[in-house]
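> Starting off with a structure, shown below.
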Amino acid sequence: MRIGLAWSVFGLACVLAVAGGPLTQRTAQDVAIALSFCPLGAYLVARRAGGAVGPLCLMAVLGAAAHAAERYGAHVDWLRWLAGWVWAPPLLTITSVLLLLVPEGRLPSPRWRPVAAVAVVVITAFTVLLAFVPDPVMDNPYAVEALRPLVWALPIALGVLALISISCMAGLVVRTVRATGRQRLQLLWICSGGAAFAIGSFSESVLPSAVAVPLTAVGTFALPAGIALAMLRHDLYETGPLLRAILTYGLLALVLVGVFALLAPIPGDANAVAAAGVALAAEPTRRYLGRTTGRLLYGGRADPREAAARLAERLAATSVPDEIVAALADAVTDVTRTPYLRVRLGPQDAPLKVIERGGPPRVALTVPLSFQGEALGSLDVAEGSAWTLRGLALQAGAALAAAHRQMALQHSRRLLVTAREEERRRISRDLHDGLGPVLAGIGFSVDAAGNALRDDPDRASSLLAHIREQVGEAGTSVRRLVRGLRPPELAQLGLGPAIEYASASLHASGVAVEVGVCDTSGLGAAAETAAYLVAREALTNAIRHSAARHCAVRLSRTATALTVTVADDGTGLPERVTPGVGLSSMRERVAELGGTLAFTSGDPGTTVIASIPLGEER
């Protein structure tokens with residue numbers, strides 16, 4: 001919709017220019033403004049670039065409307081009236097407000113707001129006066145005779161607009177001088193075109209016709225040409241890739257048509273020969289024109305799309321963060337030719353790695369390196385296109401996130417292997433040092449009891465009693481091993497009853513515990529164990545440290561997570577909390593499963609909320 005409307009305005013300008021017939025000295029500048037600014041405005045509006053610059057350029061269609069209205073105004077009153085004033089808004093807006101807004105489409109600073117407001121008011125007043133004040137030269141069918149005394153206000157309004165135009169042009173010059181790098185080159189073209197346009201627009205009022213006419217003719221096309229050159233040569237509005245494609249394939253079409261036209265007159269089967277020649281010339285010509293337009297648009301810089309493709313190839317071949325950062329730095333240098341570049345990994349106050357190239361350190365643009373909302377670092381350059389750098393940073397951010405996740409996975413695997421081997425070592429030690437000697441002792445006692453059974457029944461009976469004690473010790477050792485692997489109440493009762501069982505022991509201390517449990521069937525062993533241990537530890541902390549009189553445990557479940565909430569009415573957490581073994585243990589158990597643990601302290605009491613991802617349940 002937006003694109004169609006924008007180009008429809010340009011098409012309307014062309015139709016009106018043709019409908020107006022031969023140009024006259026009065027309407028030549030209006031038509032030139034319409035045909036030069038409307039395509040620029042349509043392009044900017046269609047691309048959502050330049051902010052208000054695009055709509056203001058489309059306003060130039062009114063110049064073509066003035067040309068068409070003048071041709072048919074001799075027979076239609078309202079067209080004659082329209083031709084007398086409709087040319088003013090685009091011409092006066094371009095010479096004042098547009099010079100303030102180019103190229104970003106916004107005011108350089110809030111200090112320019114009064115100037116812009118005065119310009120809009122004066123342009124509106126001048127247009128209204130022009131439409132309704134009686135004109136002694138031209139017949140105005142809708143003139144208001146009561147406004148005749150205000151004729152003197154027209155030259156005053158023009159004088160005010162001339163001063164505003166000079167101040168806007170001075171502001172553009174100052175911005176050009178203060179800018180650096182590519183932005184200065186962009187503004188230099190726009191500044192030159194704006195100065196020529198402003199001089200040409202007011203030259204007819206102060207200079208002889210012999211000098212004013214050529215100045216007006218040159219100045220009319222100077223500003224849109226300056227903006228177009230800034231777009232072509234210095235990638236204003238990040239239009240380089242699209243313009244390169246348009247130029248490449250437009251020139252390719254011309255060349256292929258020319259080849260066909262040259263080969264078609266050959267005697268014999270001319271069409272077949274011409275078609276074969278076009279087919280053979282198409283691909284090499286396209287490559288040559290692509291390189292040529294690339295040099296035209298980017299000079300010594302690389303095409304952003306080609307640089308992005310090379311960066312993708314390098315990123316696909318590595319998963320080392322240092323190599324990813326180096327590849328990003330190379331790509332940015334190729335695209336921007338920036339005199340200074342810095343890539344930072346990690347937080348700004350404590351970066352993990354920093355790569356700097358060029359100097360002196362001067363940062364004009366910062367692009368974050370992130371992936372799925374996770375901040376990974378930043379890219380700082382002295383000059384460059386934000387649109388191009390964001391594309392490169394997105395690629396590098398995804399690669400860095402993948403590398404970090406791979407390293408975290410490898411680290412997790414090492415931790416799992418280490419934990420498994422440590423657990424095996426513990427079990428082996430407990431079996432060897434605890435249960436092993438007990439079982440060996442039982443064997444010796446059985447042998448001794450067997451030997452004494454016939455000759456000394458009393459001794460045999462004493463040995464059997466001792467064996468019974470040893471068997472009890474062995475059972476205790478086995479239960480200790482089992483408890484170390486998994487809480488027995490959880491294994492025997494399940495998650496909900498196990499939490500109720502743990503909370504029952506707190507009633508003796510005078511604490512009322514309320515337990516609300518959802519359906520816990522089908523939970524994985526890891527999630528079940530983590531939820532139970534978090535609930536038990538949170539209850540224990542509430543009794544020991546917060547002097548709570550009432551606690552509530554809630555288990556809620558969604559398709560993706562199990563949430564454990566433990567709330568008490570105690571004294572709450574102090575302002576500065578030093579995590580102890582219990583808090584650290586809860587946080588680690590939840591983090592091992594990829595969950596989160598949060599503490600909130602209010603009036604009254606403390607609330608512990610653990611969210612445990614369920615993943616694939618069994």
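> Evaluate the range 385-400: report whether one residue or more is more than 30 Å from R342 (Cβ to Cβ) and either at pLDDT below 75 or part of a helix (DSSP H, G or I) (or both).
Looking for residues that are more than 30 Å from R342 (Cβ to Cβ) and either at pLDDT below 75 or part of a helix (DSSP H, G or I) (or both), one finds none in the range 385-400, hence no.
> Evaluate the range 5-25: report whether one residue or more is at pLDDT 85 or above and closer than 30 Å to A170 by Cβ.
Checking the range 5-25: not a single residue is at pLDDT 85 or above and closer than 30 Å to A170 by Cβ.
> On to the next question. Scan the range 360-370 and give yes if some residue there is open to solvent by 40 Å² or more (accessible area, probe 1.4 Å), under 15 Å from H404 (Cα atoms) and in contact (Cβ under 8 Å) with a residue 12 or more places away in the chain, otherwise no.
Yes, the range 360-370 has at least one match.
> In the range 294-315, which residue that is of a type in the set (K, R) and either at pLDDT 75 or above or over 32 Å from the mean Cα position of the chain (by Cα) (or both) is surrounded by the fewest Cβ atoms within 10 Å (Cβ to Cβ)?
R310
> Looking at (1) open to solvent by less than 40 Å² (accessible area, probe 1.4 Å); (2) in contact with a helix residue (DSSP H, G or I) (Cβ under 9 Å, 6 or more places away or on another chain); (3) over 20 Å from A498 (Cβ atoms); (4) modelled with pLDDT of 80 or more, find the lone condition where V564 falls short.
Evaluating V564 over (1) open to solvent by less than 40 Å² (accessible area, probe 1.4 Å); (2) in contact with a helix residue (DSSP H, G or I) (Cβ under 9 Å, 6 or more places away or on another chain); (3) over 20 Å from A498 (Cβ atoms); (4) modelled with pLDDT of 80 or more leaves (3) as the failure.
> Criterion first (out of contact with any Asp or Glu (no Cβ under 9 Å at 6 or more places or on another chain), closer than 25 Å to A228 by Cβ and modelled with pLDDT of 75 or more) does R291 satisfy it?
Considered against the rule, which asks whether it is out of contact with any Asp or Glu (no Cβ under 9 Å at 6 or more places or on another chain), closer than 25 Å to A228 by Cβ and modelled with pLDDT of 75 or more, R291 comes out as no.
> From the list D322, D349, pick out the single residue that is surrounded by fewer than 15 Cβ atoms within 10 Å (Cβ to Cβ), acidic (D, E) and touching a strand residue (DSSP E or B) at 6+ places or on another chain (Cβ under 8 Å).
One residue alone meets the criteria, D322.
> Right, another one. Applying the selection to the range 522-548, what residues are of a type in the set (K, R) and within 13 Å of S585 (Cα to Cα)?
Matches in the range 522-548: R536 only.
Per-residue answers, yes or no, for (1) assigned to a helix (DSSP H, G or I); (2) in contact with a strand residue (DSSP E or B) (Cβ under 6 Å, 6 or more places away or on another chain); (3) aliphatic (A, V, I, L, M):
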| residue | (1), (2), (3) |
| --- | --- |
| A326 | yes, no, yes |
| P368 | no, yes, no |
| E383 | no, no, no |
| L431 | yes, no, yes |
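> Looking at L161, is it open to solvent by less than 50 Å² (accessible area, probe 1.4 Å) and modelled with pLDDT of 85 or more?
Yes.
> With the requirement that a residue be of a type in the set (A, V, I, L, M) and farther than 11 Å from D322 by Cα, what does the range 343-359 give you?
A350 - this is the single residue of the range 343-359 that is of a type in the set (A, V, I, L, M) and farther than 11 Å from D322 by Cα.
> Residues in the range 175-186: is at least one outside any helix (DSSP H, G or I) and either out of contact with any strand residue (DSSP E or B) (no Cβ under 8 Å at 6 or more places or on another chain) or among the polar types (S, T, N, Q) (or both)?
yes
The values are calculated or read from the model by the stated rules, or taken from the named source; none is laboratory data. Keep in mind it's a predicted model, so treat the numbers as computed, not measured. In this analysis, Cβ positions are derived from the backbone assuming ideal geometry, glycine residues included, and neighbour counts consider all displayed protein chains. Surface accessibility is based on the protein's heavy atoms, side chains included, excluding ligands, DNA and RNA. Shrake-Rupley method; radii C 1.70, N 1.55, O 1.52, S 1.80 Å.
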